[in-house]
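A quick write-up on the structure given underneath.
The values are calculated or read from the model by the stated rules, or taken from the named source; none is laboratory data. Treat the numbers as computed from the prediction; the structure is a model and nothing was measured. Here the Cβ positions follow ideal geometry from the backbone for every residue, glycine too, while neighbour counts run over all protein chains shown.
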């Protein structure tokens, strides 16, 4: 039994031995940097792990502020001081981030700082433990990089697959109208004297040319929408009237396909702000889609209604057609995508119509949704647009085209001979006097010598492009007063602005509507 007088001495010895063992333990640990800081953040102890991890010997670092271990950008935003304040406030602070060794190299560290207080609760310093997690950090970054590369590769494969599908579909769709066109041309050459045969051939040519035009316009629309190049000419519109007119425009096509088309809508106007042509295109595309995927004997119903809860006007196109597989619904509005991938593709199309619908509706601040009970059970598309609630005035009636009251002189400048010659024939049929030039320089010479009233010029011309031609015509007194009409395959806002700056009075996008040309010339002649 230990004498009572020896008890304090023995207790002190045990404490000293415990402290010595703790010191030996801490100083011997090499995988962790373990050291103490004074209340101001200066280093007061340094173990072997700290020397190995950070590169400083004890006499090099003791007494230095611990911010020396942090990158310059962290010191600039006073992050070390932030860590100490958090440790004091919460008792403990843990963080991961880049730290700096003596040689300037960086490593990714896990840091735990513990505030040390005496029995009275006064701060006496901090204990700091740092682990090197660089290998783990690099492994995680490599895993993320691998995942990104795999995702990029998968996306590229998807894009490549869709491109291949699109090119195959485009080739298929273009061959469709080209075949009857090519067949009709030799018939016309041989049977030009047979009026009935000529009329049939012309019907075929017109029908197939319009089909080609729709294909090209679909491609251009998707490109414009994805490139944010669509310019909306918005006005206050009676949406009920617009939908009813679009339905009547498409009724003959649906009836020829053996479909029953019905329309249900309010008798009073419902006003929206929008581009009349583009919103009519939305309805037309939905009707074309219903016609394409509904067999003979089916029906298509168009409904217009106002949802007072959301303050929207809804147009719904419902059909009794082939329906849509549930798995395909999320992809339905993706360009160049169709559920039908069979070799014969009896339904046809480029898979652009619905993509255009979604893009145009989005530009109007609206939404589009689709539902289908499943294959063979039809589909229902709904477009919602914000209702215009302000007092509305009736939109102006369409301009009535007038025939020329005098025989204008018109120069056509176009390097595509078929386009130039057919436009000349159209002008002569309308009662105008026309001459054709197939290059920019030829067009300039013709205009200066002939003094035309109007010049219809392609913008992309060999020798002298249409913009430069317009500038030259405006400079010459013989042609300065002529009406200049630019025609181009490009229709962006910037294209139109360049044409106006060059001197064009009007700008039409190919294929130019003969009615638009007639209206411009009729206004001039009147």
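Values as computed for the structure displayed
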quantity	calculated
Qualifying positions in the range 480-498 - within 19 Å of residue 423 (Cβ to Cβ) and in a loop (DSSP other than H, G, I, E, B)	482, 489, 490, 491
Enumerated strands (runs of 3 or more DSSP E) restricted to the range 241-333, each holding at least 3 residues that are touching a helix residue (DSSP H, G or I) at 6+ places or on another chain (Cβ under 9 Å) and over 16 Å from residue 379 (Cα atoms)	271-274
Elements of type strands (runs of 3 or more DSSP E) in the range 40-135, at least 2 residues being surrounded by fewer than 19 Cβ atoms within 10 Å (Cβ to Cβ) and touching a helix residue (DSSP H, G or I) at 6+ places or on another chain (Cβ under 6 Å)	106-117
Verdict on residue 349 being surrounded by 17 or more Cβ atoms within 10 Å (Cβ to Cβ) and either at pLDDT 85 or above or not assigned by TED's automatic domain parsing to the domain that holds residue 247 (or both)	no
Residues of the range 441-465 classified as buried (at least 22 other Cβ atoms within 10 Å of the Cβ) and under 19 Å from residue 409 (Cβ atoms), total	9
Number of the condition not met by residue 418 [criteria: (1) modelled with pLDDT under 90; (2) touching a helix residue (DSSP H, G or I) at 6+ places or on another chain (Cβ under 8 Å); (3) not in a loop (DSSP other than H, G, I, E, B)]	(2)
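Residues are listed down the side, and each one gets a yes or a no for (1) at pLDDT below 85; (2) loosely packed, with under 14 Cβ neighbours inside 10 Å:
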position: 198; (1), (2): no, no
position: 204; (1), (2): yes, no
position: 207; (1), (2): yes, yes
position: 221; (1), (2): yes, no
position: 233; (1), (2): yes, yes
position: 236; (1), (2): no, no
position: 250; (1), (2): no, no
position: 258; (1), (2): no, yes
